[in-house]
1. Please work out which residue is least open to solvent (accessible area, probe 1.4 Å), limiting yourself to the range 90-110 and to residues that are assigned to a loop (DSSP other than H, G, I, E, B) and closer than 24 Å to L161 by Cα.
2. Just a yes or no: is a residue in the range 310-327 over 16 Å from the mean Cα position of the chain (by Cα), free of Cβ contacts under 8 Å to residues at least 24 places away in the same chain and not assigned by the TED database to the domain that holds S64?
3. Applying the selection to the range 269-290, what residues are open to solvent by less than 40 Å² (accessible area, probe 1.4 Å) and either modelled with pLDDT of 95 or more or touching a helix residue (DSSP H, G or I) at 6+ places or on another chain (Cβ under 7 Å) (or both)?
4. Of all residues in the range 321-341, which are open to solvent by 20 Å² or more (accessible area, probe 1.4 Å) and either of a type in the set (G, A, S) or under 24 Å from A233 (Cα atoms) (or both)?
5. Could you tell me how many of the residues in the range 342-389 are open to solvent by less than 20 Å² (accessible area, probe 1.4 Å), within 28 Å of the chain's Cα centre (by Cα) and hydrophobic (A, V, I, L, M, F, W, C)?
6. So, L87, is that one in a loop (DSSP other than H, G, I, E, B), in contact (Cβ under 8 Å) with a residue 12 or more places away in the chain, open to solvent by less than 20 Å² (accessible area, probe 1.4 Å) and closer than 26 Å to T9 by Cβ or not?
7. Which ranges mark the helices (runs of 4 or more DSSP H) fully within the range 139-258 that have 2 or more residues being under 15 Å from the mean Cα position of the chain (by Cα) and under 26 Å from V45 (Cβ atoms)?
8. Given the condition without any contact (Cβ under 8 Å) to a residue 60 or more places away in the chain and among the small types (G, A, S), answer yes or no: does some residue in the range 234-243 qualify?
Amino acid sequence: MTEEKNWLTSYTGDPFADAGGFVIKQLWQDEQFKDKSILELIKYVTKVYVNNWGAKLHSFFLNSKITQAAFVGDRKIEEAIKYYTALLNDDLPYKEGYCRISGEKTKLYLAGRDNHVLSGSGTYINFHPNFEPGLYLSKEMLIRMFFLPLGVVQLSDKIALLACNVPDIAEYFVKENLEKNLLEIRSGISQGVLKSPFNFPANAIFSFIDHYLREIKQLTDYREEEIEEKTNASITLFHFTNFGASPDASIYSLDSKVFQFYAACQFKFPKVWNQFLRSNYRNYKLKGSIFDVDTETWKSKDEQLDYDAYKTWRNEVLDNLMNGESILPNIVKWLVDHPFPSEITDYYLNYIRNMDKKTIQIVRKIADFISNGSEDEIAKDIKRLRGHRSAYELRTFTVGLLDKNYKAEAQDPLFTLNEYADYLFPDGGFWRETKNLLLVGIYENLHKQGKKVDTPAQDDSEEIALDTENNN
C-alpha cells in the first residue's frame with residue numbers, strides 16, 4: 001500500500017497527473033480522510049461528482065462512466081466505482097511496459113478521452129506513438145486524473161490549471177481550490193467546478209501570485225533572501241476543455257524573471273506599486289471613469305467602485321507583463337502626475353527588458369540635462385519627444401541636445417560617438433524603449449525638483465498602441 005500511495009502522490013512533472021496527485025495527497029492529510037483507502041476516496045469523490053455536481057465533468061472527460069448519457073442517476077456512481085475497482089484489482093485488459101508519465105515499468109492501461117484529459121482516442125490515433133488506440137498509462141496515473149476536477153477552477157468558458165516548475169507552488173494552487181471545494185461540499189452548497197471570479201488569464205495568474213506571496217511572507221517572516229528563492233519559478237496556466245467535438249487548450253506562461261520582479265515590487269513598494277497597477281484597469285463600458293489614487297477606487301458619474309468590483313477588468317500592465325510587452329508607456333503615463341520609484345524602473349529594464357546598464361546610465365544623463373532647463377524648455381522637449389513617431393526623429397532630437405550642450409560650453413560631451421552607436425541606437429535596438437525611458441527620467445527629475453510643467457494631454461492608448469508598432 002505504501003508503494004501505491006507513493007505512485008499516487010509523488011511528483012511526476014506532468015501538470016495534470018500532478019494536480020490529481022496533489023488532491024489525493026491533501027485528502028489523505030485531512031482528518032476526515034486520513035485513514036481511507038484510495039478506493040474509498042474514489043467512492044467519495046464519485047458521489048460528489050454525481051450527487052453534488054450533477055455529473056458535470058464534460059470539460060474533463062468525454063463519455064466517461066459519469067458523463068455517459070446512457071447512465072442515469074445512481075447508475076453513474078455504480079459504473080464509475082466498478083471501473084476503478086477493476087482498475088485497482090488489475091481486472092482490466094493491460095500490457096506490460098513503461099508508463100508514459102511516471103516512467104515506471106508496470107502494467108499499462110488504455111488512456112482515452114473518457115479517463116484522461118485531452119488525450120486522443122478513436123479517430124485521433126494519429127496523435128499516439130505507433131498509431132496505438134490511446135496512451136498507455138499506469139493505473140495510478142489514470143486514478144490521479146479522476147481527482148483533477150477538485151484541484152482546478154473554471155476560468156470563463158474553460159478549465160484553468162496552474163502548473164509550476166516548483167512543485168510547492170503548483171501544490172499550493174491545488175490545495176487552495178480543494179479546501180474551498182471541501183468547505184462547499186460540507187456546507188451543502190457545492191454545485192460544480194469552482195468558478196474563478198476572473199475572465200482574463202493574466203488577472204487569474206497574478207491574483208494567485210498575490211495569494212501565494214501573502215502566504216510565503218508569513219512563513220518566511222519576511223526574509224528577503226528566502227522570498228527571492230521561493231519566487232524563482234516559472235508559472236504556466238493551462239486553459240482547456242475536453243468538451244465533445246471541440247476540445248481545445250491555450251497555454252499562458254509567466255517567466256521566472258517576471259515572477260521575481262512582481263514579487264519584489266509587492267514586497268518593497270507595495271503601496272505605490274498597487275496604486276500604479278490599479279490605475280491600469282480598463283472597462284470600456286465605463287468611459288469617462290477616473291481613478292482616485294487616495295481611495296484606490298474608480299469613479300464615474302453614477303458610482304464608485306472598489307478593488308473587489310474592478311479587479312475582474314482587463315489590466316494593461318498585467319497583460320503586458322505576461323505577454324512580454326513593455327510597461328514603460330504605462331510608467332510614463334503614471335509619472336506625469338505621480339512619483340514612481342526609479343528602482344522599479346531600473347529593475348524592470350535590467351532583468352525583464354534586458355536593457356544594458358550603460359544604456360540606462362546614458363539615457364538618464366540626457367534626461368538630467370533636459371530637466372535642468374527652464375520649465376518652458378522642458379515642456380517643449382517633452383512635447384517633441386511625445387510627437388516622435390520614428391527612430392529618425394528621436395536621433396535628430398538627441399543630436400540636437402548634443403549640439404545644445406556644446407554651445408553651452410559644457411566641459412564634457414553629453415554622449416560620445418561610441419555611446420551613440422553602441423548604446424543609444426545600436427543595430428536591432430528598440431528606439432521606442434529609449435524614448436520612453438528618456439521621458440521616465442525627465443518626469444522622475446521633475447518630481448524630485450518639485451517642478452510642474454505644462455505638457456500636452458496624452459491619449460490613454462496612444463503610447464501603448466504605438467509601442468507595438470515596428471521599432472525600426
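1. This residue is C99.
2. Within the range 310-327, none of the residues are over 16 Å from the mean Cα position of the chain (by Cα), free of Cβ contacts under 8 Å to residues at least 24 places away in the same chain and not assigned by the TED database to the domain that holds S64.
3. Taking the range 269-290 first, the residues open to solvent by less than 40 Å² (accessible area, probe 1.4 Å) are 272-277, 279-282, 289.
Residues satisfying the conditions are V272, W273, N274, Q275, F276, L277, S279, N280, Y281, R282.
4. Answer for the range 321-341, where residues must be open to solvent by 20 Å² or more (accessible area, probe 1.4 Å) and either of a type in the set (G, A, S) or under 24 Å from A233 (Cα atoms) (or both): M322, N323, G324, E325.
5. Final tally of qualifying residues: 3.
6. no
7. Numbers: elements: 139-147, 167-187, 201-219, 224-230.
Ranges flagged: 167-187, 201-219.
8. No, because not a single residue in the range 234-243 is without any contact (Cβ under 8 Å) to a residue 60 or more places away in the chain and among the small types (G, A, S).
The values are calculated or read from the model by the stated rules, or taken from the named source; none is laboratory data. Just so we're clear, the structure is a prediction, and the values are computed from it rather than from any experiment. As a convention, Cβ positions derive from the backbone with ideal geometry for all residues, glycine included, and neighbour counts pool all protein chains shown. Quick note on the areas: whole protein, heavy atoms, side chains included, nothing else; ligands and nucleic acids left out. Shrake-Rupley method; radii C 1.70, N 1.55, O 1.52, S 1.80 Å.
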